[in-house]
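The values are calculated or read from the model by the stated rules, or taken from the named source; none is laboratory data. On a predicted model such as this, the values are computed, not experimentally measured, just so you know. Every residue, glycine among them, receives a Cβ derived from its backbone with ideal geometry; neighbour counts consider all protein chains shown. Note: accessible area is taken over every heavy atom of the protein model, side chains too, but ligands, DNA and RNA are not part of it. Shrake-Rupley method; radii C 1.70, N 1.55, O 1.52, S 1.80 Å.
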Protein chains: 2
Amino acid sequence: MESEPRRTSIRERFREQVRDDVKVVALEQLADGGAESISLNAIAKKLGVSGPALYRYYANRDELLKSLVIDAYHDLRDALLAAPGARDDQCEDRVKALARAYRSWAKDRPNRYELLFKPPLPGYDAHSAEISEAGRSVMGVVLGVITGRLGAESSKSVDEKGAGVNGVLDSEEVLRERRASSPEYQLALRVWSRLHGFVSLELGGAYAAMGVDADALFDTELAVLTVSAESLSEPRRP
Amino acid sequence: MESEPRRTSIRERFREQVRDDVKVVALEQLADGGAESISLNAIAKKLGVSGPALYRYYANRDELLKSLVIDAYHDLRDALLAAPGARDDQCEDRVKALARAYRSWAKDRPNRYELLFKPPLPGYDAHSAEISEAGRSVMGVVLGVITGRLGAESSKSVDEKGAGVNGVLDSEEVLRERRASSPEYQLALRVWSRLHGFVSLELGGAYAAMGVDADALFDTELAVLTVSAESLSEPRRP
DNA sequence: TTGCTTCTGTTAGAACTTATAACTACTCAA
DNA sequence: TTGAGTAGTTATAAGTTCTAACAGAAGCAA
């Protein structure tokens, strides 16, 4: 958090502190009650200040939510980066590691995960440049895992490496050089969409409601995920 | 809507009428503004009654939302049933038809689709028996399409056939006889989860934000969907 | 140190929301 | 015709977000 050489003024540091405090309480409310139950008023009360004080730190509720979404994206990205096996030699193993990490992250913080994909929430525009950027940084990691260009060193938070705003190392670079039309990019998107589909249904309780063993189902989907991934990235079969 | 032999009292029919009126206005609000902007107060105003009057018809806001969710599930189910090609001979064609119908339904009413999978919404329990039931009726159709047991006659709304509460014909029957552990069932779930993943990301604007051609991506995913579907339902390959 | 400026937090209040309570008036059925 | 149940009304409570106006402290510069 304090990688900067203390260039910030004492007031700015205080501001950041309070902004973080607000987010901490907001995450608590998010954890038990979902995004709807995040209330600036209640946060203020819990922080010991009264109501409108928080509007000095967040323009409105949506800005706070946006901030939470971006943080969550970055957190997810870091979790994927740190997945054991994300830098394996075998592509299949890398993808499996990614998938497991993705699912685990979501299951451990369901409300936070839902926050990410419930986007067109109240009024805040999901197409905010910052949110898109954060989303793309996750995509960068997915892409990096698939192409095996993650860079074996960094298995920790990207922020700690001081690698730019959301510099995802090689993968970010890949994002630029190979454009959206590249096969790897499309494959990454499809992997992501499948993972999201599975996890989303699981969190929504669909599997539970139908008496299905989600773990077993996930294993099956994992197998197909990697199979089709390989068959598509290296089209061997007729 | 009036398949019953007019056994209902005039008052009950009036009640149903008002409940429907409320839902109609609610759907309008849902269409422009999302689920958050559904307000009992505003609905009442638009209907010319004042505020608390609606509480005679819906216990609370969540009950209205629950009702909308169930309707949406049934609507989606009917759309899938009516998909041109859902009763084709080729399994691959059936699944493709299903997938296209699914995506179309969602894209035509994004907010309504999101309502379905935003489940753990405010306070209403997504695991309400009725909602689970409605969700399962969609699964029934997916399963029916995959197994080719839809019954060639009924391409129209299930309700119009008077086939029980959400009687999905053969597929509902299949749901009972072959349990959740059957390969077809798991395959149906995986197909559904992939469709949901794709559509969800698309509606969320992820593809647009990354400058990806969603149509092309969908076509690719469609191909893999059916390929892996076949390879799994009939494990031919070593 | 003095003084100015900027920032932070306060209270008051507007405009909403969901939801309940109490009361009136109507309709339906015996 | 009488009586029950229903439908609507207003008033009200307890929330929410967010603005406005103001008080006071903190930082900064001369």
>> If you take every residue apart from B:LEU80 with its C-beta less than 12 Å away from the C-beta of B:LEU80, what net charge results, scoring Lys and Arg +1 and Asp and Glu -1?
In response: +3
>> Run the numbers for B:GLU133 and B:ASP108: contour at 0.36 nm per residue of separation, minus the present Cα-Cα distance, in nm.
In response: 6.6 nm
>> Quick check: net charge around B:GLY197, other residues with Cβ under 10 Å of its Cβ, Lys/Arg +1 and Asp/Glu -1?
In response: +1
>> Is the C-alpha gyration tensor of the range A:1-58 telling us rounded, prolate or oblate? Criteria: a/c under 1.5 is rounded; beyond that, a/b larger than b/c is prolate, otherwise oblate.
In response: oblate
> In whole percent, how big is the carbon plus sulfur part of the accessible area of the range A:1-58, probe 1.4 Å, protein atoms only?
Replying inline: 51
> In chain B, what residue has the beta-carbon at the shortest distance from the axis of the rotation relating B to A, and what is that distance in angstrom, rounded to the whole number?
Replying inline: B:GLY197, 1
> Could you give the nm distance between label points at B:ASP89 and A:ALA223, where each point is 7 Å from its Cα heading toward the beta carbon?
Replying inline: 3.1
> Any idea of the total accessible area buried by the B-A contact, 1.4 Å probe, rounded to 100 Å²?
Replying inline: 3600
> For the range B:1-58, what is the accessible area per residue in Å² when the probe is 1.4 Å?
Replying inline: 72
> Can you list, shortest first and in nm, the gaps between the label point of A:ALA216 and those of its counterparts in the other copies, using a point 7 Å from Cα in the C-beta direction?
Replying inline: 4.0
> Structure shown: which of A:LYS45/B:LYS66; A:LYS66/A:LYS107; A:LYS107/B:LYS23; A:LYS118/B:LYS107; A:LYS46/B:LYS118 lie over 23 Å apart, alpha-carbon to alpha-carbon?
Replying inline: A:LYS45/B:LYS66; A:LYS107/B:LYS23; A:LYS46/B:LYS118
>> Suppose you put the label 7 Å out from Cα in the Cβ direction; list, shortest first and in nm with one decimal, how far A:ASP89 is from each other copy's label.
In response: 4.9
>> If I take every Cα pair under 8 Å that is 6 or more residues apart in the range B:1-58, average their sequence separation and divide by the length, what percent do I get for the relative contact order?
In response: 28
> Quick one: Karplus J couplings for the range A:42-56, per residue in order, coefficients 6.51, -1.76, 1.60, θ = phi - 60°, nearest Hz, x for Gly and Pro?
Replying inline: 5, 4, 4, 4, 5, 8, x, 10, 10, x, x, 4, 5, 6, 6
> Name the residues of the range A:186-210 whose accessible area falls by at least 40 Å² when all protein chains are present instead of the chain alone, probe 1.4 Å?
Replying inline: A:GLN186, A:LEU189, A:ARG190, A:SER193, A:ARG194, A:HIS196, A:LEU201, A:GLY204, A:ALA209, A:MET210
> Could you give, in nm with one decimal, how far A:ASP32 is from each other copy of that position, shortest first, with labels 7 Å out from Cα toward Cβ?
Replying inline: 4.1
>> Need one number: nm distance between label points at B:ASP21 and B:ARG100, each 7 Å from Cα along Cα→Cβ, rounded to one decimal.
In response: 4.1
> Among residues other than B:VAL18 whose Cβ falls under 12 Å from its Cβ, what is the net charge (Lys/Arg +1, Asp/Glu -1)?
Replying inline: +2
